[in-house]
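Throughout, read-outs are computed from the coordinates displayed, never taken from laboratory work. Everything quoted here is computed from the prediction, not taken from an experiment. Here the Cβ positions follow ideal geometry from the backbone for every residue, glycine too, while neighbour counts run over all protein chains shown.
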Amino acid sequence: MPWIIGTLCFFSLLLQSILPLTSEAADPQVLKQRVPQDQIAEAQAWVNPFPSTPENIEKGKKLFHGKAFCVTCHGRDGKGLGKIPGLVGKLPRNFTDKDWQAARTDGELLWILKNGSPGTAMAPFIPLVLSEEEAWHVLLYVRAFGKS
Ligand code: HEC
């Protein structure tokens, strides 16, 4: 029954061509806006006052790996840690995903650091863990993941 083998080959080829796409292309759920509609215009108007210099990125990196403990969920490589048992709701972001990077303004990311992402393990960090100034530096580091 060569047609069965032919069909199997066809589907395995099809799978191989689809799987890399689904693992690399951004999940539409991930790209969906996180800031509520009634606050997004205001959030998008916030601009990072700090330039993306190697010194400022380094400052953000220290906070990301240090006192702000972002690394525990987002990983050393910024790709998130995959499925974390017990982690409520969504998985941590893959910061190297260029589609996700392009889908967000800096202001929207600061909003997340102020408010958290409601319904997920992403908690607010400003003002308890980070000052707003420190948060902007961490975001320069988050942006740097998208440039490598
Ligand atoms: C307890 C685990 C945890 C920690 C610690 C954590 N995050 Fe998150 N983070 C998440 C999860 C889960 C999401 C995905 C939330 C969602 O889908 O909306 C997320 C999402 C994000 C997003 C993306 C939101 C968006 O608009 O798509 C940013 C930016 C972010 N985190 C930055 C940080 C930074 C910076 C720190 C450290 C100050 C940090 N996170 C610490 C779990 C964590």
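Residues in the range 45-67 that are part of a loop (DSSP other than H, G, I, E, B) and either touching a helix residue (DSSP H, G or I) at 6+ places or on another chain (Cβ under 6 Å) or of a type in the set (Asp, Glu) (or both): Trp46, Asn48, Phe50, Ser52.
Whether a residue is touching a residue at least 40 places away in the same chain (Cβ under 8 Å), β-branched (Val, Ile, Thr) and more than 9 Å from the ligand (Cβ to nearest atom) was assessed, and Val138 does not pass this test.
The one condition from (1) out of contact with any helix residue (DSSP H, G or I) (no Cβ under 8 Å at 6 or more places or on another chain); (2) within 8 Å of the ligand (Cβ to nearest atom); (3) not in a loop (DSSP other than H, G, I, E, B) that Gly119 does not meet is (3). The number of residues in the range 117-128 that are over 13 Å from the mean Cα position of the chain (by Cα) and either crowded, with 17+ Cβ neighbours inside 10 Å or on the phi > 0 side of the Ramachandran plot (or both) comes to 3.
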